[in-house]
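Worksheet: one structure, shown below.
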Amino acid sequence: MGKPEALAQSAFAEALSALIDIALIRNRRAGNDLNGAFTYLLTPKQFDRIRKICKEQGWGVPNQRGILIDLETVAHPLKSRMGKDLCTAAEVLEILLAAYSPQSQVGLNRPKYAQAIVFNTRRKVRIGNASFYAVAVVKVRVEGPRKYLAPVTAYHATEAKIRNIS
């Protein structure tokens with residue numbers, strides 16, 4: 001990874017970490033709106049793959065490369081992973097960083113309609129004493145002429161689960 005890419009990854013990590021801190025604080029104070037923050041831009045290869053999947057499935061084909069990373073993007077995985085899997089906030093951050101990565105691949109989330117997944121098989125994340133792959137689930141949203149990918153959740157998965165992804 002070159003210097004510009006390393007700087008971008010570092011800035012992305014800092015921004016996600018800040019969102020996690022805000023989400024944890026707001027989780028303690030019910031009733032606050034979760035607002036947008038920044039956009040993760042898919043690589044051209046990732047965007048081409050997601051467009052191909054959408055065409056093959058007959059879904060709306062995204063016309064925007066960005067995925068909005070807002071407080072809900074981190075709040076849902078925080079709540080789910082910390083509640084169900086007893087992950088720490090730092091482990092959830094690692095899942096998000098690994099999933100939303102230029103090294104990640106894109107596949108179809110088979111059991112769900114209009115959902116794709118972004119998964120990283122190059123970098124594993126440590127959850128407790130075990131290693132897993134990071135997965136982000138995104139879905140196609142259509143608002144007038146705007147067709148974009150919206151985050152659904154993020155989680156850690158075994159190698160067997162990743163193999164079942166197209």
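The values are calculated or read from the model by the stated rules, or taken from the named source; none is laboratory data. Here the structure is a predicted model, which means the values were calculated and not measured. As a convention, Cβ positions derive from the backbone with ideal geometry for all residues, glycine included, and neighbour counts pool all protein chains shown.
Observations on the structure shown:
- Subset of the stretch 40-70 (residues that are among the small types (G, A, S) and modelled with pLDDT under 90): G58, G60
- Here T158 fulfils each of the conditions (1) out of contact with any strand residue (DSSP E or B) (no Cβ under 7 Å at 6 or more places or on another chain); (2) without any contact (Cβ under 8 Å) to a residue 40 or more places away in the chain apart from (1).
- Extreme residue, modelled with the lowest pLDDT, among residues of the stretch 71-123 that are closer than 26 Å to C54 by Cα and of a type in the set (S, T, Y): Y113
- On the stretch given as the stretch 79-106, residues that are assigned to a loop (DSSP other than H, G, I, E, B) and more than 11 Å from the chain's Cα centre (by Cα) total 6.
- Sole residue being crowded, with 19+ Cβ neighbours inside 10 Å and either more than 15 Å from S101 (Cα to Cα) or in contact with a helix residue (DSSP H, G or I) (Cβ under 6 Å, 6 or more places away or on another chain) (or both), chosen from P145, P151: P151
- Of the criteria (1) modelled with pLDDT of 90 or more; (2) closer than 24 Å to L19 by Cα; (3) of a type outside the set (A, V, I, L, M); (4) part of a strand (DSSP E or B), which one S131 fails: (2)
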